[in-house]
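The values are calculated or read from the model by the stated rules, or taken from the named source; none is laboratory data. All figures in this text were calculated on a predicted structure; none of them were measured in a lab. Every residue, glycine as well, gets a Cβ built from its backbone with ideal geometry; the counts of neighbours run over all protein chains shown. All accessible areas refer to the heavy atoms of the entire protein, side chains included, with ligands and DNA or RNA removed. Shrake-Rupley method; radii C 1.70, N 1.55, O 1.52, S 1.80 Å.
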Amino acid sequence: SYFGALQSLIFMSVWRLLLVGLILATAFSDVEKKQKKKRPKKRAQGSLGPGSEALEKEEAEELLRSYKESFAKDGDPLRKHGLSLACSACQMTGKRFQATVASKIKGKMTEEQKRATFASGLQAACVEDAFPRQLAVVERDGKEFYADWQEALGSQHGKVSVKRMSPELKAEVLAGCRHLLRVEQREALLRKVLATPKGSRASDVNFKALLCGPKMAAVCDDADSAQEDDDVEEGAD
């Protein structure tokens with residue numbers, strides 16, 4: 001009959017609505033469970049007070065690594081050409097800092113004298129005339145480094161492969177030197193030389209190893225930092 005068919009139609013519609021509701025409820029429940037799994041655990045308050053969060057050591061190291069990679073891609077003058085060349089440029093910069101700043105600061109100086117010597121030496125460390133007139137990128141044992149073009153043609157560095165040579169290479173090294181000493185590590189280097197005790201010289205510290213190793217720029221591994229290489233003969237002060 002008409003009423004029997006209508007009743008059956010209503011029943012089927014209600015049943016379908018209930019089934020759809022059950023499916024949606026199950027789907028929402030699964031989404032909620034996944035979101036809960038993705039939510040990070042609540043962190044302890046950070047050292048900056050309310051609103052800050054303390055990071056686990058692994059999180060902090062990963063964040064720092066990501067930051068350095070991002071900074072390099074955005075134009076960090078030292079690292080933008082790769083870590084191998086960054087290490088080479090940093091070692092050249094460390095030698096310059098040792099010669100123009102560290103060698104001139106004595107522990108008996110007043111803080112004002114140390115600061116003045118540091119500031120003047122920092123300007124002299126990255127001047128163009130202090131570096132070889134023409135640089136080349138050469139490769140030895142699978143690692144690239146900057147070298148004096150004339151020396152690269154000779155045998156001073158052993159068997160090497162010259163990868164490229166152009167006036168822009170010197171500009172790259174100078175930009176890395178200025179960024180490292182005047183921006184990125186300036187305050188850390190200043191603190192180090194100011195802490196030079198009486199009876200000592202700042203040059204007692206191996207600034208090439210310190211500057212390029214894991215405690216500062218972290219562009220060379222321990223072997224690279226400790227290596228007393230003469231890949232580039234720098235100009236006189």
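In table form, for the structure just shown:
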| quantity | calculated |
| --- | --- |
| Meets criteria (open to solvent by less than 10 Å² (accessible area, probe 1.4 Å) and part of a helix (DSSP H, G or I)) for residue 78 | no |
| Residue pairs meeting the criteria (Cβ under 9 Å; at least 6 apart or on separate chains; first touching a residue at least 60 places away in the same chain (Cβ under 8 Å), in segment 177-191; second among the basic types (Lys, Arg) and open to solvent by 70 Å² or more (accessible area, probe 1.4 Å)) | 180/186; 190/115 |
| Pairs where the first residue, in segment 196-221, is in contact (Cβ under 8 Å) with a residue 24 or more places away in the chain and the second is among the hydroxyl-bearing types (Ser, Thr, Tyr) and in a loop (DSSP other than H, G, I, E, B), C-beta under 9 Å, 6+ apart | 202/196; 205/196 |
| Test result for residue 162, among the aliphatic types (A, V, I, L, M), open to solvent by 40 Å² or more (accessible area, probe 1.4 Å) and modelled with pLDDT under 95 | yes |
| Matching residues, segment 108-129, being open to solvent by less than 50 Å² (accessible area, probe 1.4 Å) and under 25 Å from the mean Cα position of the chain (by Cα) | 118, 119, 121, 122, 124, 125, 126 |
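So that you can scan it fast, the table gives a plain yes or no per residue for (1) surrounded by 14 or more Cβ atoms within 10 Å (Cβ to Cβ); (2) farther than 14 Å from residue 88 by Cα; (3) not β-branched (Val, Ile, Thr):
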{"position": "170", "(1), (2), (3)": "yes, no, yes"}
{"position": "180", "(1), (2), (3)": "yes, no, yes"}
{"position": "193", "(1), (2), (3)": "yes, yes, no"}
{"position": "198", "(1), (2), (3)": "no, yes, yes"}
{"position": "212", "(1), (2), (3)": "yes, no, yes"}
{"position": "216", "(1), (2), (3)": "yes, yes, yes"}
